[in-house]
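All of the numbers you see were taken from the coordinates with simple rules; none came from a lab. Everything quoted here is computed from the prediction, not taken from an experiment. Here the Cβ is made from the backbone with ideal geometry for all residues, glycine too, and neighbour counts use every protein chain on show.
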Amino acid sequence: MTEKVTDVAVAIFLQPDGSFLLSSRPEGKPYPGYWEFPGGKIEPGESVRDALVRELVEELNVTITAAYPWFTFLMRYTHATVRLHCWRALAWHGDMRGMEGQAFAWQSIDNISVAPTLPGCVPIFKALALPTTYWITNAAEMGAAAYLDALRKSLETPVSIQIREKAMHGAELEDFSMRVLDIARPRGCKVLVNADVERAHRIGADGVHLTAAQVRQIEMRPDLPLVGASAHDRAELDAAAAFGCDFAVLGPVHATRTHPGVEGMGWARFAALALDSPIPVFAIGGLEPSEADCGIEHGAHGLAMQRGIFT
């Protein structure tokens, strides 16, 4: 028997300081009194954007003016199975109020004060806790000492950092990794190790970043807080999600020196591949920090950069 799935549009209202909006479910609906992200059922023939516009007027008396796709996942409740199309709402107008008698409250990921929240909030909370900037180390070109000095001076806000140094081995790589951790941890950063689960455990990293080939070869998700994976097409994105990765990195968006002769897919192709991904997707490949807004508009969780970090 084919499982019935209800498509739901979900709005993650975001303030510049990172705070987000939760609203309570009114009486008469399943899970009354639980807190959730605003939104509602997508009607037949309706786009996600159109459903968001309609639902948010009906629920909160606001009209969104800037909202972009983020990620889409399936959630099975006792009463229904829903596919949650999560969009980030960045601009809106109107006098916000609970049109169905529901309460609403602005929250921060480090201090969620309302409870209980729906189980469907959990993947969104995890995504909100993941920094939208993903730095990939480049000590091979800069030199280890120069790179660490630049890292120390440049970390003003929390980012994720992938330690990826193919030319380093043994004690040299171990020492460099520990120095990155020493700089990054006090600044609230997440540190991942490229392709080496054992080293990630050994140095106490936050996670590991797997290649697309490793996703196919490893039987179980590594027991680490964060697991990311590289992807170059939709099949590899879906494989990363099925494996249990927390996020994927998709590209190259532009041509890069790292992969000479490989043509960039461009933002339109990136958006088409990332659309409705079950997990957040970073864009990678020849990117500059100035393209952060462009990335979000095309469905990226954020940007992954190597050479564009310290420009």
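Brief remarks on what is shown
- Peptides 52-59, 248-255, ordered by how many other C-beta atoms sit within 10 Å of their residues on average, highest first, read 248-255, 52-59.
- Per residue of the chain, the DSSP helices (runs of n ≥ 4 H) give a summed -39500 (n - 2.57) that works out to -8000 deg cm²/dmol at 222 nm.
- Charging the Cβ of each Asp and Glu at -1 and of each Lys and Arg at +1, and nothing else, the dipole of the chain about its Cα centre rounds to 280 debye.
- Spacing of the two label points (7 Å from each Cα toward its C-beta) at ASP293 and TYR77, in nm: 3.6
- Label-point separation, VAL57 to MET178 (7 Å along Cα→Cβ), nm: 6.2
- Integer Hz, Karplus 6.51/-1.76/1.60 couplings in order for the range 199-211, x for Gly and Pro: 5, 4, 5, 5, 8, x, 6, 6, x, 10, 10, 9, 7
- Long pairs among LYS29/LYS190; LYS166/LYS190; LYS4/LYS29, criterion Cα-Cα beyond 27 Å: LYS29/LYS190
- Ratio Rg/Rh, restricted to the chain and using Cα atoms, in which Rh is the Kirkwood radius: 0.99
- Less than 5 angstrom separates the built amide H of LYS190 from those of VAL159, SER160, ILE161, all sequence-distant by 5 or more or on a different chain.
- Take every pair of alpha-carbon atoms less than 8 Å apart whose residues are at least six positions apart; their mean separation over the length of the range 199-277 yields a relative contact order of 22 percent.
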